[in-house]
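Peer 1: Structure in structure tokens, see below.
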Amino acid sequence: MILTNPLSVSEIGTLWQTYQEKTLIMRFMEYFIEKSDEQEARNILGGLWQELNFYVGEMEELFSDQGMVKPVGFTSADVNLEAPKLYDNGFDIMFIRVLKEISMGLYTLNMI
């Protein structure tokens, strides 16, 4: 179904950028979940991954509804879950916190 109110070029660009960002963060999270030694960290990261997965699905549906080509994004083929852990406990949560802060800044810029 093609919507009668199509997205503008700037909206499409923002949507593509957001899709790339969210799929990249999901790959980071998959690695962090795989390597985490703490159940609480795995629970936090798993919940955030599910939230991002929902939003990525919503964006893919929007691409389809608008008759747009879906960006390639980052996939599970882009992350090696067998790579050794190169950081201490707590880094994964801190890293995701910083990424969330960056995302909030990008949302603000995209609202203008």
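Peer 1: Restricting segment 5-40 to residues that are within 28 Å of P84 (Cα to Cα) and of a type in the set (S, T, Y), which is most open to solvent (accessible area, probe 1.4 Å)?
Peer 2: So the residue we want is Y31.
Peer 1: Report yes if D37 is without any contact (Cβ under 8 Å) to a residue 24 or more places away in the chain and not in a helix (DSSP H, G or I), otherwise no.
Peer 2: Spelling it out, it is not the case that D37 is without any contact (Cβ under 8 Å) to a residue 24 or more places away in the chain and not in a helix (DSSP H, G or I).
Peer 1: For segment 96-108, does any single residue satisfy the condition of being touching a residue at least 40 places away in the same chain (Cβ under 8 Å), open to solvent by 40 Å² or more (accessible area, probe 1.4 Å) and not in a helix (DSSP H, G or I)?
Peer 2: no
Peer 1: Let me ask you something else. Quick one: in segment 86-95, which of the residues that are open to solvent by less than 60 Å² (accessible area, probe 1.4 Å) and in a loop (DSSP other than H, G, I, E, B) is farthest from P6 (Cα to Cα)?
Peer 2: Y87
Peer 1: Condition check: touching a Gly at 6+ places or on another chain (Cβ under 8 Å) and touching a residue at least 24 places away in the same chain (Cβ under 8 Å). Does T18 satisfy that? Explain how you work it out, then say what you get.
Peer 2: On the way: touching a Gly at 6+ places or on another chain (Cβ under 8 Å): no; touching a residue at least 24 places away in the same chain (Cβ under 8 Å): yes.
Spelling it out, it is not the case that T18 is touching a Gly at 6+ places or on another chain (Cβ under 8 Å) and touching a residue at least 24 places away in the same chain (Cβ under 8 Å).
Peer 1: A further question on this structure: With the structure loaded, tell me whether N43 is open to solvent by 50 Å² or more (accessible area, probe 1.4 Å), more than 19 Å from M104 (Cα to Cα) and free of Cβ contacts under 8 Å to residues at least 24 places away in the same chain or whether it fails that test.
Peer 2: Taking the combined requirement at face value, the residue satisfies it.
Peer 1: Taking the criterion of being open to solvent by 30 Å² or more (accessible area, probe 1.4 Å) and among the β-branched types (V, I, T), would at least one residue in segment 46-66 satisfy it?
Peer 2: No, there is no match, as no residue in segment 46-66 is open to solvent by 30 Å² or more (accessible area, probe 1.4 Å) and among the β-branched types (V, I, T).
Peer 1: State yes or no: is T75 polar (S, T, N, Q) and open to solvent by less than 50 Å² (accessible area, probe 1.4 Å)? Before the answer, list the steps.
Peer 2: On the way: polar (S, T, N, Q): yes; open to solvent by less than 50 Å² (accessible area, probe 1.4 Å): no.
Judged against the criteria, T75 is not a match.
Rundown of residues vs (1) of a type in the set (G, A, S); (2) over 20 Å from W16 (Cβ atoms), yes/no style:
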| site | (1), (2) |
| --- | --- |
| M59 | no, no |
| S64 | yes, no |
| G73 | yes, no |
| N89 | no, yes |
| M94 | no, yes |
| K100 | no, yes |
| Y107 | no, no |
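Peer 1: Filter segment 1-18 down to residues that are more than 21 Å from the chain's Cα centre (by Cα) and either at pLDDT 85 or above or under 11 Å from M59 (Cα atoms) (or both), then give me how many there are.
Peer 2: Of the residues in that region, 2 qualify.
The values are calculated or read from the model by the stated rules, or taken from the named source; none is laboratory data. Keep in mind the model is a prediction, meaning the values are calculated, not measured. Glycine also receives a Cβ, built like all others from the backbone with ideal geometry; neighbour counts cover every protein chain displayed. In case anyone asks, the SASA skips ligands and DNA or RNA and just uses the protein heavy atoms, side chains included. Shrake-Rupley method; radii C 1.70, N 1.55, O 1.52, S 1.80 Å.
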